[in-house]
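Take this structure, written in structure tokens, and hold onto it; I'll ask about it next.
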Amino acid sequence: MERALAGVLLSLSAAWSAQAASGPPAGGMEVLEPAEFACLTPAAADRKPIEYPEAARRAGLSGLVRVRLVFQHPQKPPRVSFIAYADVREFNDLVEDYVSAYRLPCLREDADPVTATQEFAFRPDDGRPVAWRHLRGEDVDLQSEACRPRYPAKPPEFPRAAMDRGAVFAVLLVRTTFHGPTRPPEVEVVHQVGAPPFEKAVTRWASQVRLPCLREDQTLSTVQRVSFELDSPGQIVLKDLSLQQLVPAIDKLDEQHVHFDFNAMGCPFDVRLRLFRPILKNSVGEVGAADPRRDAFLDWLSGISLKLSPKDFNHVLGSSMTVSVPCTQLDLR
């Protein structure tokens with residue numbers, strides 16, 4: 001285990017020390033998928049695959065279809081609009097018919113609408129000719145100028161009550177749910193290491209954050225790590241790893257029974273993993289061009305935990321790493 005930890009973590013000499021009276025937020029805000037997606041019906045295993053149109057297959061025609069789905073009622077189909085059309089009209093019709101069967105039975109009738117996007121790739125020369133991604137929350141680019149979060153002018157202060165108790169470190173993982181661009185968000189602390197006064201300070205601060213690019217009817221949940229440290233002799237971060245280096249560092253590896261052939265996924269490629277497990281799902285995204293054939297692999301990465309001590313985990317919670325995936329196979333069956 002010590003060898004695995006050494007391969008995952010990197011100690012950096014401190015280039016700063018936190019101010020004694022303040023604790024600046026650490027780590028960017030991450031968009032969370034709506035919880036309602038877990039109840040989507042029909043379940044993936046029960047959906048009939050999309051049949052590739054025979055005429056298009058013979059002609060070698062391919063296409064990419066991307067749709068936006070707005071769920072407004074638990075027992076009614078979503079409102080479908082196209083973000084990207086395929087040149088072959090039949091592809092678009094097949095996708096529209098497919099997603100019109102979706103329902104979100106756990107969506108409350110009085111809840112805000114839930115918006116999702118989904119992508120379908122038609123490739124006649126592929127072993128899996130119609131590949132699609134799972135439903136994703138509507139993309140919001142928090143790095144763009146228009147949608148950059150508006151934070152309060154001052155970061156949350158290191159609570160005097162915590163200082164009086166001798167506290168020198170705290171880390172909190174905060175889920176913030178926004179309803180439109182101007183209303184105060186709902187704030188929930190989903191993980192906390194530190195004295196109770198930290199939660200009050202962070203909740204007060206997070207309730208003042210706004211996302212100006214949201215529509216009035218749009219709901220978006222995000223998560224962010226906030227840490228406090230009076231003095232920092234060093235910093236621990238996650239290393240960028242190859243897949244071969246990552247696998248031995250996965251916790252409870254003997255419980256993972258998966259098989260992936262990366263030769264059929266446009267290898268080699270890189271993925272970016274932001275560590276939240278086992279508290280929340282990891283955030284995982286592709287670096288560069290996306291490929292729907294990698295979907296099952298990305299889902300698997302979102303559920304893995306690493307062999308880390310509680311202390312090290314709290315230092316790297318919400319941190320990112322790049323995983324390089326070569327042209328090989330991973331067989332843990």
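Where does the chain land at 222 nm, in deg cm²/dmol rounded to the nearest 500, when only DSSP H runs of n ≥ 4 count, each adding -39500 (n - 2.57), divided by all residues? Let's see the in-between values first.
On the way: 8 runs with 57 residues, N = 333.
Helix-only estimate at 222 nm: -4500 deg cm²/dmol.
With 5 Å bins from zero, work out the P(r) of the stretch 41-134 over every alpha carbon pair and list the percent per bin.
Taking all Cα pairs of the stretch 41-134, the binned fractions are 3, 13, 24, 22, 17, 11, 6, 3, 1, 0 percent.
Relative to the present Cα-Cα distance, how much length would full extension add between Phe82 and Asp110 at 0.36 nm per residue of separation?
7.5 nm
Just rank Arg272, Arg333, Arg150, fewest to most, by other beta-carbon atoms within 10 angstrom. Let's see the in-between values first.
Values: Arg272 15, Arg333 7, Arg150 11.
Lowest count first: Arg333, Arg150, Arg272.
Further question on the same structure: Going by C-beta contacts inside 10 Å, put His257, His315, His179 in order with the fewest on the left.
On the way: His257 8, His315 24, His179 17.
In order of increasing Cβ crowding within 10 Å: His257, His179, His315.
Then there is this: Using the Cα centre of the stretch 41-134 as the reference point, and only Cβ charges (+1 on K/R, -1 on D/E), how large is the resulting charge dipole? Debye, rounded to the nearest 20. All intermediate terms of the calculation are to be shown ahead of the outcome.
On the way: 14 positive and 14 negative charges, 24 e Å.
Here the stretch 41-134 has a charge dipole of around 120 debye.
Using 0.36 nm per residue of separation minus the Cα-Cα distance, give me the extension gain between Ile279 and Arg136 in nm, one decimal. Walk me through the numbers before you get to the answer.
On the way: separation 143, 0.36 × 143 = 51.48 nm, distance 1.99 nm.
In short, 49.5 nm is gained.
Among all the lysines, which ones have a C-alpha under 24 Å from Lys48's C-alpha, if same-chain residues fewer than 8 places away are not counted?
Lys48 reaches Lys76.
Turning to a different aspect of this structure: So for Leu243, Leu301, fewest C-beta neighbours within 10 Å to most, what's the order? Please report the intermediate quantities before stating the final value.
On the way: Leu243 18, Leu301 22.
By the 10 Å Cβ count, ascending, the order reads Leu243, Leu301.
Here, each number is a calculation from the coordinates, and none is a lab measurement. Only a predicted model underlies this, so the values are computations on that prediction, with no experimental measurement involved. Cβ atoms come from the backbone with ideal geometry, glycine included; neighbour counts cover every protein chain shown.
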